[in-house]
Amino acid sequence: MNLIKLVCKKNRFLDELKLATIFIRSIMKKQNIFFFSMIIFLIFSVEMRSQNQLKIGINELEISYIESYTSPLKIEFIFSGNPKYINYFFSDLEEKIKKKFQKKNIEVSFSYLNNQKHYGSESTVNEHEFSFLLNINNSTVIDEKNGYDRLMKFDFNGQLIPKDNSSAIFSFKSVVIAIHDITNKNEEIVDYLLNKLLIN
């Protein structure tokens, strides 16, 4: 009889242990879900906060110059990014660059990264002392504004590299917020490039 009681107690103990294990696992699973949800929420909050801190126009994220930087007088602009921007964003930017840079007596020429010439490009590339690599990427609509004056965001980065060297003497990273379409801030972009290049 005592042996039967011991077996019954042991079985009851094992059953209780199983129930306790299931209960603990259930709690841990809920904690994991809660913890994972909190991480997602925090990431989303940080992203939303960073979006809200961006202003309409050019938002400079990084910029660097070498110590011996001197302003260039001859520049070959090399545009890269989505090919659909060749005859849209880049052609508009090109015309504005020509107009403002030539007023400062800076010689300019233009090409695409695969050497495809842009509309109105000049053919004096070999005589130019610096290549200015400009890249536009990740264009997205961040606010439709009910179809009126929507806000668009895109990454805009650049590197100024001497023709006889592979190291950049000037570089920048930025995010541009434009109204309606991505060409809306091209005038401001050209002024930004000019001011950053002509620092001495």
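Read-outs throughout are calculated quantities, based only on the coordinates presented, and are distinct from any laboratory measurement. Keep in mind it's a predicted model, so treat the numbers as computed, not measured. We place every Cβ from the backbone using ideal geometry, glycine too, and count neighbours over all the protein chains shown.
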Regarding region 57-103, what whole-number volume in Å³ per residue does the convex hull of its Cα atoms give?
-> 134 Å³
Peptides 79-89, 95-105 ordered by average Cβ neighbours within 10 Å, highest first | 79-89, 95-105
In region 129-200, the GluC sites (Glu not before Pro) that sit in a DSSP loop and have at most 11 other Cβ atoms within 10 Å of their own Cβ are E144
Determine, for each peptide in 153-163, 55-65, the mean count of other beta carbons within 10 angstrom over its residues, then list the peptides with the highest first.
-> 153-163, 55-65
If amide H atoms are built 1.01 Å from N in the plane of the peptide, which residues on other chains or at least 5 residues away come under 5 Å of the amide H of R150?
-> H180
